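The values are calculated or read from the model by the stated rules, or taken from the named source; none is laboratory data. All values derive from a computational prediction rather than experimental measurement. Please note: Cβ atoms are built from the backbone with ideal geometry, for glycine as well, and neighbour counts cover all protein chains shown. Accessible surface areas use protein heavy atoms only, side chains included; no ligands, DNA or RNA. Shrake-Rupley method; radii C 1.70, N 1.55, O 1.52, S 1.80 Å.
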Amino acid sequence: MIIDLPKTTTSLVNSKLVHLRQQGGVNAVGRVLTLVIVTDDDERTEEIIDAANDASREHPCRVIVVARGMKRASARLDAQIRVGGDAGASEVIVLRMYGPLADHGDSCVIPLLLPDAPVVAWWPFEAPPVPAEDPIGKLAQRRITDAAAERNPIKMLDARTKSYKQGDTDLAWTRLTLWRAVLAAALDLPPLERVTAASVVGDGDSPSADLLAAWLAARLKVPVRRGKSSDSQGIVRVELERRSGSVVLHRPDGKIGTLTQPGQPDRRVALQRRPVADCLSEELRRLDADEIYEQALGGLGKITRGRVSTKPPTPEKAPTRTRAQANA
């Protein structure tokens, strides 16, 4: 059910929500958080609402969409309430704000927040320079951005390093969960040798590839080279160099990866690009600070950029020992 409230106020929106709750159509009990989505009022709004609806099936919540309209128009608030089948497992409130009101979304959001429930702010496209200092960001315990949706993803990722505050995260980081899990599991298998160097090859504008390289540099404390791939998008290849041979995870088609390591048969791993709804659901599972993401941001300055060889390295031969050394 969709209820339109043109030229309205937040007081009237709240009254309508109370009326719906009394009629049994909306139940605020059981909502675990308030998700505030900040975007522009354009054709992408419905796409974002669909992603939030999918995520709400795992995290029942109240979704407030702050859709900023034309700033040259007269001040006006058009609201829309969606419940039932049009709102997943949540209730969706779409606030379309025009004129001077478009810059004051926080004043419209505050009266609609669920009492005593955490607040998560999400900027699916362009985000403020410092999310934690944004008026809506100040209301939230968790702030989600997406560097991949910015006009200059790599530049924005560098800006995130300077503006990071506890509670910040980015969907470019969330998209790496499967990659990180596969690489970490591979290093738990014999031979248990130290990684001496690493490389990540991916699209030049992929912030996820940069974050993966930075994570390896921060956690393994080894030199990491970031190479570019011109024939594919996203991450294509990761290599972890060890004495007996390299661990290589190669995904040429964006769907299936092949894990190669010495002494083990090649394995095919599902590494399909994750939809936004899956990444959002993962981020809503935690409301505390993500220390590993913070460390990865700190590792961005440690990676080097340049050409990466895709030829498998020749394993080093063990040094020859004398009879006396062998019997020592």
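Setting aside same-chain residues fewer than 8 positions from Lys16, which lysines have a Cα under 21 Å from its Cα?
Excluding near neighbours in sequence, the set is Lys7.
Run the reach check for Lys71 against aspartates and glutamates, Cα to Cα strictly under 13 Å, same-chain hits fewer than 8 apart removed. What comes back?
Once the sequence-local aspartates and glutamates are set aside, what remains near Lys71 is Asp40, Asp41, Asp103.
For a quick size check, give me the Cα extents of the range 210-256 along its three principal axes, largest first, whole Å.
In descending order, the Cα extents are 28, 24, 16 Å.
From the square roots a ≥ b ≥ c of the eigenvalues of the alpha-carbon gyration tensor of the range 1-77, which class results: rounded (a/c under 1.5), prolate (a/b over b/c), or oblate?
oblate
Largest first, please: the extent of the C-alpha atoms of the range 1-141 along each principal axis, to the nearest Å.
Taking max minus min along each principal axis of the Cα atoms, the range 1-141 gives 39, 30, 28 Å.
At what distance in angstrom do the alpha carbon centres of the range 64-88 and the range 98-121 lie from each other?
Cα centroid to Cα centroid, the span is 12 Å.
What is the chain's relative contact order, in percent, from Cα pairs under 8 angstrom and six or more apart in sequence?
Worked out over the chain, it gives 14 percent.
As an exercise, take the mean of 1/r over every pair of distinct alpha carbons in the range 231-272, invert it, and state the Kirkwood radius in angstroms.
Computed over the range 231-272, the radius equals 10.7 Å.
What is the spread of the Cα atoms of the chain along each of their three principal axes, largest first, in whole Å?
Per principal axis, max minus min of the Cα coordinates gives 89, 39, 35 Å.
What number, rounded to the nearest 500 deg cm²/dmol, is the helix-based mean residue ellipticity at 222 nm of the chain, given -39500 (n - 2.57) per DSSP H run of at least four residues and division by all its residues?
Taking each H run of at least 4 residues, the total per residue is -7500 deg cm²/dmol.
How much accessible area per residue does the chain have, counting only protein heavy atoms and a probe of 1.4 Å, in square angstrom?
Per-residue value: 50 Å².
Between Arg76 and Ser107, what is the label-point separation in nm under the 7 Å Cα-to-beta-carbon projection?
So the two model labels end up 1.8 nm from each other.
In whole Å, what is the distance between the alpha-carbon centres of the range 231-257 and the range 284-309?
Using only Cα atoms, the two centres lie 18 Å from each other.
Compute the Rg/Rh shape ratio of the range 111-175: radius of gyration over Kirkwood radius, all on alpha-carbon atoms.
Taking Rh as the inverse mean 1/r over Cα pairs, Rg/Rh reads 0.99.
At a 1.4 Å probe radius, carbon and sulfur cover how many percent of the accessible area of the range 19-125?
So the carbon and sulfur contribution to the accessible surface is 48 percent.
Among the listed pairs Lys155/Lys255; Lys228/Lys302; Lys155/Lys302; Lys162/Lys221, give every one whose C-alpha distance is greater than 23 Å.
Exceeds cut-off: Lys155/Lys255.
Using a 1.4 Å probe on the protein heavy atoms only, what accessible surface does Lys138 show? Give it in Å² to the nearest 10.
So the heavy atoms of Lys138 present about 140 Å² to solvent.
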